[in-house]
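The values are calculated or read from the model by the stated rules, or taken from the named source; none is laboratory data. Owing to the predicted nature of the structure, the values given are computational and were not obtained by experimental measurement. Cβ placement follows ideal geometry from the backbone for every residue including glycine, while neighbour counts extend to all protein chains displayed. The accessibility values were calculated without ligands, DNA or RNA, using every heavy atom of the protein model including side chains. Shrake-Rupley method; radii C 1.70, N 1.55, O 1.52, S 1.80 Å.
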Amino acid sequence: MLQNAIEVKNLHKAFGDLKAVDGVSFEVAQGEIFSLLGPNGAGKTTTISMLSCLLRPDEGDALVMGHSIKDDQMGVKSVLGVVPQEIALYNDLSARENLTFWGKMYGLRGPALRSRVDEVLEIIGLTERAKDRVGKYSGGMKRRVNIGVALLHKPQVIYMDEPTVGIDPQSRRNILDSVVALKNQGMTVLYTTHYMEEAQELSDHIAIMDIGKVIAYGTNAELVKIVGQMDRITLTINAESGRVLEAWKKVQGVKQVTAQDGTLTVLADDSNQVLPRLFETSALNGVRITTVAIQEPNLEAVFLHLTGKALRD
Amino acid sequence: MIRIFDIAAKDLMQILRDRKTFLFLLIMPIAFTFLFGFAFGGFSKGVSDPRLPVAIINQDGGDLSLRLVNLLENSEVITITQDAAKTLADYEKLLTKGNLAGILIIPTGYTDALLTGSLPPLSLEANITQTAGTTIQSEILAAANRLTSAVQTALIVGQTSSAFGPAFEQALSAWDNPPIRIESTSAVVQTGPKVSSQVAALAQTSPAMMLQFAIAGLLTCGAVIVNERKTRSLQRLLTTATRRSHILLGHYLAIFVLLFAQFLVLMTFGQLFLKVDYFRQPAATLLVAVASSLCIAALGLLIGVFAKNEEQAIAFSLIPMFLFSGLGGAWTPLEYTSATFQAIGHVTPVAWAMDGFKNITVRLLGFESVLVPCAALAGYAVLFFLLAAWRFRRVSE
Ligand SMILES: Nc1ncnc2c1ncn2[C@@H]1O[C@H](COP(=O)(O)OP(=O)(O)O)[C@@H](O)[C@H]1O
Ligand SMILES: [Mg+2]
């Protein structure tokens, strides 16, 4: 029996001078949810496209359920369900017509197809609206049909590329729950997101990507250990961030200070000791601190620590 | 393999859901053929006048009626007389004496009716021989068709999509600068068809409108292919175990089936109501219909893979519609043009399709007569398909 559902070995893809994917390797065990977490432009979609045989890698290879993406594309496609980042549906057809058509493309026919379409409509909660044209649906409903298509043939491996972008909280909850349900049915899920909370909640393993590279890999707990016991303090002040940035970096106990969009983020060993010193230093510079928030270590802090940037755009 | 049929069935479902499809493929060609069928219904035989003077009574006086007169004034086949002091009765006297070859009446409300999307009839009274009759008739037909096509197409595109502006511009520019002009009266040589001029006129108009609007109908087919690519459903198809070639063939099959069905319906209509004898040689006629459908369907595929968006799909359908119809003898029979023009006309597939149909219905030739036109159409089909396939490989990567 195979150990890994997906084995990615040193994938490279460049668009002109831009190295969109630059030596990515990771392994996904069977039956787990694996997240690629990274900001927009990190190379997540390019990686997924290579793993679904849409793009040819410049270098490297990957095995999906033992099938090589270079030498056995039909083998890869036969075990795969892909939920693309875009809503890849026919807007002038109803949800049922879309699912029926896509089911045929996945090789289903006749009564098996009909009953599976009913099941999937039930799973995505759209049985009542099945006859309406997809073009008339809300963003969240379209996203659910988009996912439903990939479930039709009960694939062994499913890729979901940012399936929750731009939808309401309720649809989002519905989608996250269904991802867990897929895992419980034994599917392997490769999930990409730029939302730290989603990766944290869903994943067995996470690879953090930035600028075409995997910069950290592990379970949520393992990753958080990278920033150790450090606390993350976010502050706003009543003046330009630059007036305190350099001074705060010199404060004892402060590991890192970054400023973005008027918010300062401080990584520190112990917020209780550091905070009074931050207040003191800012007073000396004639600046008032207007808000303070302290957060336990999380993936956001890991990303900040590794790249010096915030994860969100 | 079976996926080719699945994809074709899906495409047809989408295409038939767009009401523009029916407007272009059925309603417009029937309306146009009827319009011209009635407009030129009242012929009687008499003396021939080589200069073919035609009087125009413009009861409408609106913008589009003036355009029509203008188009006819530029004709080298007929000369126009307009005299506000003369009544219809005066003209009719001249007609009986043989001093006039015809009287064209543009009825009140012509401009308004055109602009509201209906097809107002013109009426022509003539007292002429067959040869001259056909000449006047086809000349007025060509001008009216040019005008009405432009207005109708722009109106319909405008009603059903946001692209009124570009469509109207295109329609108008094609109309202002018609790609065809009759060379001279002396070039009018009747090759002696054995059918009456009335039937000959319809045997020209019926297949001409069928072909012209088959090309216009490609805009909805092209849009389906464009949208599949734009929503990235095409990319998704490629992540299933569906072959690229099967996707392309599926789209091709859908357009072919649609156009062939259109041809069958319109030919049956022509046979039953217009007395155009399409089924005199059923096998030959069906062969021409199949070859024409294969050719125009391949053109549709080409439009679908080259157009970047729906507006372009509309433009890429209307441009060949005007160009191929105008040059290919759908507006003016190529028999009435110079040898040079006939040669140029046969660069377009429409000319070959018209030859194929008219060899059966007008020239009353046998089965072999359609083989060369069908081979030419098949050649165009292969050319268009290969271009489309080449482009499809690139856009789907
Ligand atoms: N087809 C393409 N041509 C050129 N550049 C591309 C193409 N696809 C992606 N890129 C670039 O590659 C980088 C990675 O993109 P992508 O894989 O979409 O990132 P992500 O999915 O993580 O947001 C980005 O800088 C993007 O602009
Ligand atoms: Mg992406």
Between chains B and A, the summed loss of accessible surface on complex formation, probed at 1.4 Å and reported to the nearest 100 square angstrom, is 2400 Å²
Zone reached by a paramagnetic label modelled 7 Å from B:I27 Cα along Cα→Cβ, restricted to region B:245-269 with backbone N below 20 Å, covers B:258-259, B:261-267, B:269
From the Cα centre of region A:99-140 to that of region A:213-231, the distance in Å is 40 Å
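If each DSSP helix of 4+ residues adds -39,500 (n - 2.57) and the sum is divided by the residues in chain A, what number results at 222 nm, nearest 500 deg cm²/dmol? Don't jump to the answer; show the numbers that get you there.
Numbers: 11 runs with 113 residues, N = 313.
After summing the helix terms and dividing by residue count, I get -10500 deg cm²/dmol.
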Between A:K9 and B:K275, the two model label points (7 Å from Cα along the beta-carbon direction) sit apart by a distance in nm of 8.0 nm
On the formula 1/(1 + (r/R0)^6), with r taken between the Cβ atoms of B:L371 and A:E201 and R0 of 41 Å, the FRET efficiency rounded to 0.05 is 0.05
As a percent rounded to 5, the proportion of antiparallel DSSP bridges among beta bridges in region A:4-224 is 55 percent
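Based on the mean of other Cβ atoms within 10 Å per residue, sort peptides A:117-130, A:52-65, B:245-258 so the most packed one is first.
B:245-258, A:52-65, A:117-130
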Here the whole-number average of other chain Cβ atoms within 10 Å per Cβ of A:101-113 is 3
For the pair B:T87 and A:Q229, the simple spin-label estimate (label points 7 Å beyond Cα toward Cβ) gives in nm 11.5 nm
Averaged over residues of B:11-17, the number of beta carbons from other chains lying within 10 Å of each residue's Cβ is 2
With x for Gly and Pro, the residue-by-residue ³J(HN,Hα) of region B:336-348, computed from phi through the Karplus equation 6.51 cos²θ - 1.76 cosθ + 1.60 at θ = phi - 60° and given in whole Hz, is 8, 10, 6, 4, 4, 5, 4, 5, 4, x, 6, 6, 9
Applied in sequence order to region B:283-293, the curve 6.51 cos²θ - 1.76 cosθ + 1.60 (Karplus, θ = phi - 60°) yields integer Hz couplings, x standing for Gly and Pro, of 5, 5, 4, 5, 4, 5, 5, 5, 5, 5, 5
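Taking R0 as 51 Å, what FRET efficiency do you get between A:R56 and A:A259 from their Cβ-Cβ distance, rounded to the nearest 0.05? Before the final figure, lay out the partial values.
On the way: r = 41 Å, r/R0 = 0.81.
E between A:R56 and A:A259, to the nearest 0.05, is 0.80.
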Of all DSSP beta bridges with both partners in the protein assembly as shown, the antiparallel percent, nearest 5, is 60 percent
Under 5 Å from the placed amide H of A:G81, counting only residues 5+ away or on other chains, we find A:V157, A:I158, A:Y159
For the pair B:T268 and A:K136, the simple spin-label estimate (label points 7 Å beyond Cα toward Cβ) gives in nm 3.2 nm
Any lysines whose Cα falls less than 23 Å from that of A:K77, other than same-chain ones fewer than 8 residues away, would be A:K9, A:K13, A:K44, A:K104, A:K154, A:K183, B:K10, B:K230
Averaged over residues of B:242-254, the number of beta carbons from other chains lying within 10 Å of each residue's Cβ is 1
